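Undergrad: Questions regarding the structure given below will be posed in turn.
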Amino acid sequence: MSEISQLIATLKRELKQQGKTYRDVAEALDLSEPSVKRLFATEQFTLDRLVEICGLLGLTLAELAQEAGQGHQRLRTLSPAQERELVSDLRLLLVAVCALNHWTMAEMLQAYRLTEAECVQQLLRLDRLELITLLPGNRIRLNVARDFDWLPGGPIRSYFREQGMPEFIDSAFGQPGDALDFVHGMLTESARAKLQGELRQLRARFAQLHEESLAAPLPQRRGTGLLLALREWEPMGFAGLRR
């Protein structure tokens, strides 16, 4: 990928993360939306245009270039020690989850009982953990890759399995948009492998819809949990009757 392509890809990612659209860019540049789409498609940006769009995003051109250059260095996982630090402090974990969901600091302060000083303190800790970079004006730049995930069997997954999952399951699932289904059957190894592939596709689709939703204002987005589970299983009562 050429340097200009890296810059444009970074611009697109920043626009999505900040919930801004080509229409917002068009208004900022005093251009039509089709003209802006052509600019991004052809990558024919002048330096002045790049600076103007950076201004819309609250970035300097130097910050954009730095962000583009660090694209290949993004975190895919944290270390066990880093995850342990996150779960050791509820407020730190809260701010981390908000940041990973592209909340601004102002949105965190509006939604939760955090003071500005507390929020900045937690963001600085996340910066030291290299999960984010805290920019001037308390802007947040994520340092995670698109396929970032928590460690299998690590402290974060253990925390949510022990504390989050019981709370999640303890519901009638009767609200509009809720869904809870459970099926049981006997499958061959081939059938199980096919089902596992479809579950991976569903998880990828969930991630895609999450990214698409970032363009909407925060009040229009709702925290949504999707539990995917597949394993060989027999009720304990049945197993107790086996010969």
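Read-outs: derived from the displayed coordinates by stated rules, not from any lab. Just so it is clear, the model here is predicted, and its values are computed rather than measured. Positions of Cβ are backbone-derived with ideal geometry, glycine not excepted, and every protein chain shown enters the neighbour counts.
Undergrad: Could you give the dipole magnitude of region 95-199 about its Cα centre, charging the beta-carbon of Lys and Arg +1 and that of Asp and Glu -1, in debye to the nearest 20?
TA: 320
Undergrad: Taking amide H positions as placed in the peptide plane 1.01 Å from N, state which residues far from L78 in sequence (5 or more) or on other chains have amide H under 5 Å from it.
TA: Hits under the 5 Å cutoff: L151.
Undergrad: Please compute the volume of the convex hull spanned by the alpha-carbon atoms of region 74-166 and report it per residue in Å³.
TA: Hull volume over Cα atoms, normalised by residue count, gives 98 Å³.
Undergrad: Right, another one. Which label belongs to the value computed from this structure, given these candidates for Kirkwood radius over Cα pairs in Å: [x] 19.2; [y] 21.1; [z] 18.6?
TA: [y]
Undergrad: Let me ask you something else. Among V97, Q17, T60, pick out the residue whose Cα is farthest towards the positive end of the charge dipole of the chain, where Lys and Arg carry +1 and Asp and Glu carry -1 on C-beta, about the Cα centre.
TA: V97
Undergrad: With unit charges on the beta carbon (Lys/Arg positive, Asp/Glu negative), name the residue among I169, A41, F182 whose Cα is farthest towards the positive pole of the charge dipole of the chain.
TA: F182
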